[in-house]
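Engineer: Provided herewith is a single structure, encoded as structure tokens, for subsequent inquiry.
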Amino acid sequence: MNRLTTLALLLPLLAGCGAQKGRSPEIAAVRTFIHENWDSTIQYSPRDTATLIGLPHPYTVPTAGAMFREMYYWDTFFTNEGLVRDGHAELAKNNTDNLLYMVRRFGKVYNGSRTYYEARSQQPYLSMMVDRVYRTTGDRAWLAEAYRTLEREYDFWMRERITPVGLNRYGSSASDALVNEFLVTAGERLGTDFLAQGRTPEELHKLGLDFVAEAESGWDFNPRFERRCTDFCPLDLNANLFLYELNFARFARELGRPQEEVQQWLDRARERRARIMRYCYDPERRQFYDYDYVNDRRSEVLSAAVFSLLYTGAVTREYAPQIVAALDRLEYDCGIAACEDRPYDYVYQWSYPNCWPPTCLYAVEGLARYGFEREARRLAGEWLQAVAATFRTTGNLWEKYNVLDGSTDVSAEYDTPAMLGWTAGTFICLDDYLSGSLTPEPLPEQLINY
């Protein structure tokens, strides 16, 4: 099905998506389902119990099913974006306060609220969650306390996950037992036995550490890092930390901190942007890739993570059209693939033909921020149509979808769970964007040049 056919099908589905009464029945049914089912994802466990970490406020988990019954870090950002827009701002604040509590208690946000996640964090989004809550509440005293806590989290990334080139990477403090566990788990999920491939003990240990680091990325598992995650400076991680630095400058200014403090954060953001350009931009391919700092080369794999550079405002306008060109290799009738379609050594779930909600959200909003409204609206419509169609036949939302037909016929390393969480949050945001009630954040030209 070509894109003209897709757009023809979208028109009746998405016409008049503004108010609930003007939405198509398919879109309205999904929105109603989401609104009526948030409560099924709420947990409250204020005391440590076995492996579950006690958190002071009620919080959301990704699904109402048996899987993922604890709080997860980067999932929560996309969930919060939907919660705020669906009348649950207090729950989004509770989620954010729980993650801030983790930083105060542990020095970082764990991958999830289980003790067995203590060796790793996950893609940093807490600064963005704080920003959303503050924009909703206007509570300056709360922001001041959150700002201090965010600085602690930022210090973790700059102390424990920095590389010699000045960009950040994923990693872990995994024990030997955890490394060995991941060697087995990754083998099972990728359909092979890494212990029987003739590697030395040292090579196996490094491979296990890389698998743990890939879990910290949230993209477990994917072809971007060639199973050497700790050797790479990922685009999305460094784009997020760029936005942290800009947010810190904004927070410092909002809180009346000295101009020297504001300038310090802006200088860090400018330096990070310069390093992203130096190491991640390929002038011959005219595209951005994860950077292998160990071997001084860029990845061969184009991934949807490239759109995080637009979402966070990490590049100047002259490079935006080159990122938009990535759609030619990543966009299909039902969204964008996590990685481009090409031969890989294993079948990865964070690759073609799988489409994951988070990448769709930051791709759409990133495209719109830089003025590529036509592409943003097309991509939003494709994904909404796919989710609504699959909801019509399954009665549920799902963790990931097939980019070709929008079904749940996906490459999976475990049973694909029904998902509210980030799928619901993304659905709400993209629906509201098409209706005109969500306007992506303008580029912060008052802080940094574009």
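Engineer: Taking only pairs six or more apart or across chains, which ones have beta-carbon atoms under 7 Å, a first residue in the stretch 26-51 that is surrounded by fewer than 12 Cβ atoms within 10 Å (Cβ to Cβ), and a second residue that is of a type in the set (A, V, I, L, M, F, W, C)?
Structural biologist: Final answer for the pair search is Pro46/Leu55.
Engineer: Within the stretch 163-171, is even one residue open to solvent by 10 Å² or more (accessible area, probe 1.4 Å), farther than 30 Å from Pro258 by Cβ and assigned to a helix (DSSP H, G or I)?
Structural biologist: For the stretch 163-171, residues open to solvent by 10 Å² or more (accessible area, probe 1.4 Å), farther than 30 Å from Pro258 by Cβ and assigned to a helix (DSSP H, G or I): absent.
Engineer: Being within 22 Å of the chain's Cα centre (by Cα) and within 22 Å of Ser113 (Cα to Cα) is the requirement here; does Glu181 meet it?
Structural biologist: no
For every residue, the table says whether it meets (1) over 12 Å from Leu379 (Cβ atoms); (2) touching a helix residue (DSSP H, G or I) at 6+ places or on another chain (Cβ under 7 Å); (3) open to solvent by less than 30 Å² (accessible area, probe 1.4 Å).
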| residue | (1), (2), (3) |
| --- | --- |
| Arg317 | yes, no, no |
| Ala320 | yes, yes, yes |
| Ile323 | yes, yes, yes |
| Ala326 | no, yes, yes |
| Leu330 | no, yes, yes |
| Ile336 | no, yes, yes |
| Glu340 | yes, yes, yes |
| Pro343 | yes, no, no |
| Ser351 | yes, no, yes |
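Engineer: From the list Asn94, Asn80, which one is open to solvent by less than 10 Å² (accessible area, probe 1.4 Å), at pLDDT 95 or above and more than 19 Å from Ala215 (Cβ to Cβ)?
Structural biologist: Asn80
Engineer: Turning to a different aspect of this structure: Looking at the stretch 123-157 only, could you name the residues that are open to solvent by 60 Å² or more (accessible area, probe 1.4 Å) and under 30 Å from Cys429 (Cβ atoms)?
Structural biologist: Residues satisfying the conditions are Arg132, Arg135, Thr136, Thr137, Asp139, Arg140, Ala141, Glu145, Arg148, Arg152.
Engineer: Follow-up. Among the candidates Arg104, Arg69, single out the residue that is more than 16 Å from Asn247 (Cβ to Cβ), among the charged types (D, E, K, R) and at pLDDT below 95.
Structural biologist: After applying the criteria, what remains is Arg69.
Engineer: Then there is this: Those residues that are under 21 Å from the mean Cα position of the chain (by Cα) and loosely packed, with under 15 Cβ neighbours inside 10 Å, I need them from the stretch 427-450; list them, please.
Structural biologist: Thr439, Glu441, Pro442
Residue-wise test of (1) within 17 Å of Ala363 (Cα to Cα); (2) free of Cβ contacts under 8 Å to residues at least 12 places away in the same chain.
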| position | (1), (2) |
| --- | --- |
| Asp296 | no, yes |
| Ser299 | no, no |
| Ala305 | yes, no |
| Leu309 | yes, no |
| Thr312 | yes, no |
| Val315 | yes, no |
| Glu318 | no, yes |
| Leu327 | yes, no |
| Tyr332 | yes, no |
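Engineer: Take the residues in the stretch 388-426 that are open to solvent by 30 Å² or more (accessible area, probe 1.4 Å) and among the charged types (D, E, K, R), then tell me which one is farthest from Met71 (Cα to Cα).
Structural biologist: The qualifying residue farthest from Met71 (Cα to Cα) is Asp405.
Engineer: Something else: Quick check on my filter: what residues within the stretch 273-291 are assigned to a helix (DSSP H, G or I) and open to solvent by 10 Å² or more (accessible area, probe 1.4 Å)?
Structural biologist: Selection gives Arg273, Ala274, Arg275, Met277, Arg278, Tyr279.
Engineer: Any idea which of (1) without any contact (Cβ under 8 Å) to a residue 40 or more places away in the chain; (2) under 23 Å from Val347 (Cα atoms); (3) touching a helix residue (DSSP H, G or I) at 6+ places or on another chain (Cβ under 9 Å) is the one Glu214 doesn't satisfy?
Structural biologist: (1)
Engineer: Let me confirm something: among Arg257, Arg199, which residue is of a type outside the set (Val, Ile, Thr), assigned to a loop (DSSP other than H, G, I, E, B), under 27 Å from Glu151 (Cα atoms) and open to solvent by 10 Å² or more (accessible area, probe 1.4 Å)?
Structural biologist: Arg257
Engineer: Mind listing whichever residues of the stretch 97-115 are surrounded by fewer than 24 Cβ atoms within 10 Å (Cβ to Cβ), among the aromatic types (Phe, Trp, Tyr) and in contact with a Ser or Thr (Cβ under 9 Å, 6 or more places away or on another chain)?
Structural biologist: Tyr101
Engineer: Determine the pairs where a residue that is without any contact (Cβ under 8 Å) to a residue 24 or more places away in the chain, located within the stretch 251-274, has a partner that is open to solvent by 40 Å² or more (accessible area, probe 1.4 Å) and part of a helix (DSSP H, G or I) with Cβ atoms under 6 Å apart, the partner being 6 or more residues away or on another chain.
Structural biologist: Val262/Arg253
Engineer: Test each condition in (1) without any contact (Cβ under 8 Å) to a residue 12 or more places away in the chain; (2) in contact with a Ser or Thr (Cβ under 9 Å, 6 or more places away or on another chain) for Glu90 and report the one that comes out false.
Structural biologist: (2)
The values are calculated or read from the model by the stated rules, or taken from the named source; none is laboratory data. What you are looking at is a predicted structure, and each value in this text was computed from that prediction instead of being measured. FYI the Cβ positions are ideal-geometry reconstructions off the backbone, even for glycines, and counts take in every protein chain you see. Just so you know, the surface numbers come from the protein's heavy atoms only, side chains and all, with ligands and any DNA or RNA stripped out. Shrake-Rupley method; radii C 1.70, N 1.55, O 1.52, S 1.80 Å.
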